Each structure stands twice: as C-alpha cells, then as structure tokens.
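Written out below as structure tokens is the structure these notes cover.
Please treat every number below as a calculation from the coordinates, not as lab data. For clarity, every value in this text was computed on a predicted model and none was experimentally measured. Here the Cβ positions follow ideal geometry from the backbone for every residue, glycine too, while neighbour counts run over all protein chains shown.
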Amino acid sequence: MSEKKQHKHKDEQGNEINAEAVEPPESQEQPNAELESLQSRLDEAETKYKELEAKSAENLDGWQRSVAEFQNYKKRIERDREVEKASMKGDLVKKILPVLDDLERALQKRPAEDAWTNGIDLIKHKLQAIIEAEGIQRIEAEGAVFDPNFHEAISYESADGIESGRVIEVVQNGYMLSERVLRPAMVRVAK
C-alpha cells in the first residue's frame, strides 16, 4: 500500500494548507505484467479455439463425406444386386426358351384338334405367361425392318412384294429382359 504523507503548501493567499499526498504505487510494472500475462493467455485461448474450430469443421466434413460415400456404396451394391438378379433370371430363361420353341414347333405341325394338342397348347401358354410375368418380352420381328441389334439373319432371299431389308419370316423368336436382348430373333430377310 502506498503511504500517505503530510505536505504543507501555501494557497494563493499565502495560507498554509496541510495536504495528504498519495504516493504512487511502488511499481507500475506489476499491473502491466499481469495485464500482459492475461492478454497472452487470452491470445493462446483464442488460438486454441480457432484450432479446435478448424478441427471440428474438418471432422464434420470428413463425417459428411463418409456418410455420402456409404450411401453411394449402398446404392452401388443394390444396383449390382439388381444387375446380378436380372442376369441370373436371363440365364434361367435362356435355358427354358428352347423348351418353349419346341412346344411352338410341335403345335405348328399338330394334327386336327385333339385333346392332347389342346393340353400342349395350354402348357405353352402357361410357360409364356410365366416368362412374361418375369418381365421377358418377345421381340416382334415379322415384317419389321432388319435390325442387327434385335435380329439374327439366317438367310437373305428374294421375296415378291416385300421391301428389301424387311423380315420375311421368324424362324426362332427372340426375347428381351428390359433393355437387354437375351436372344435375338432368328429371321429370314428379303434382299
């Protein structure tokens, strides 16, 4: 603490006045040092806060990227499963199509209406219904313009009254699963 000292002064009229003088603190450096220390700690805290804020933003960004990558992974896996499922379905249907072809050929050469031929016809229609229920579609080729994406030409023949490049006859039906050709239609084409 500062000490108070008695000083005698004269006022403007010459009268003596006793005045207490307050001595300045012994050291002005001590409060300045405390202030500088506090400022230094405040600066350190602010720097640390900014570092933590940047790290927090970095972690949030990383987390958001991870979530997005995981969602993309799940979608990719689901797409792959769908493609694999369609491929397996297509492979199975390819194995069944020759049976359907045989039934169709047998019914083309059938004798007069017999009960057993009606039964074979019923089996063929059930098989076609099952195939169509699975999303398999027949490629319509009769009279269409030849398209190598959907048709396989087994012969080119002259045909009266039919434009060149058109399908004359379908020898074996082609089938598609969605946009994918399972088997092209085997056709005879007019030249």
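Observations on the structure shown:
- 12 Å beta-carbon shell around residue 92, net charge (K/R +1, D/E -1): +2
- Other residues within the sphere of radius under 15 Å centred on the Cβ of residue 51, judged by their own Cβ, net out at -2 (K and R +1, D and E -1).
- Cβ-defined net charge surrounding residue 68, 12 Å radius [Lys, Arg +1; Asp, Glu -1]: +1
- Percent antiparallel among DSSP beta bridges (both partners in region 137-191, rounded to 5): 65
- Fraction of the pair-distance distribution of region 40-109 above 15 Å, Cα-Cα pairs, percent: 76
- Hz values of 3J(HN,Hα) by residue in region 66-72 - Karplus curve (6.51, -1.76, 1.60), Gly and Pro given as x: 4, 4, 5, 4, 5, 5, 5
- For residue 174, residues with placed amide H under 5 Å, excluding near neighbours: 139, 185, 186
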